[in-house]
Amino acid sequence: MKLSQSAKWAVPAGVLAAAAIVAGGVWAVNNGLQLAPAKITTKSCDTIKKTIPVVLTADSPPHEIRAHQCDQLAFTNQTGDTVELAVGPHDHHIEYPGFEESATYAGGTESMVLRETGYYEIHDHIKDQLEVKLNVLN
């Protein structure tokens, strides 16, 4: 059986397309982009369920936090420098309901009420060294 010229290229083109999709997914994960959960929910959180302390130091390892809606993160800056907490990968910030980026001076505190479910990355926008990976559940 003799294949036409277009049929000879069909399989390699399909393999190339699949490889491009996989490579795009690897790139997205390596660049801090994450798939959104199936359903994101947002609450007003009139009452704080639990306060989770997060101490930021100059040599902090990345924090991985699993929390629930209406919990609160209480950041304490013990880095010795000013930090500016931002949500999302560095230079690709996203808005998080009720949280404003602001400078937190050495020894200062910042809080964040977890109103929206999902997976988030929080970092120091000034030095891009501190990192918190946050999973907010219902």
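Before moving on, here are some points about what is shown:
- Strands (runs of 3 or more DSSP E) contained entirely in region 62-105, each with at least 3 residues that are surrounded by 14 or more Cβ atoms within 10 Å (Cβ to Cβ) and in contact (Cβ under 8 Å) with a residue 40 or more places away in the chain: 63-68, 83-87
- Qualifying positions in region 90-133 - small (G, A, S) and modelled with pLDDT of 90 or more: A103, A106, G107, G108, S111, G118
The values are calculated or read from the model by the stated rules, or taken from the named source; none is laboratory data. The shown structure was predicted, so the numbers you read here are calculated from the model rather than taken from an experiment. A quick note on method: Cβ atoms are made from the backbone with ideal geometry, for glycine too, and the neighbour counts reach across all protein chains shown.
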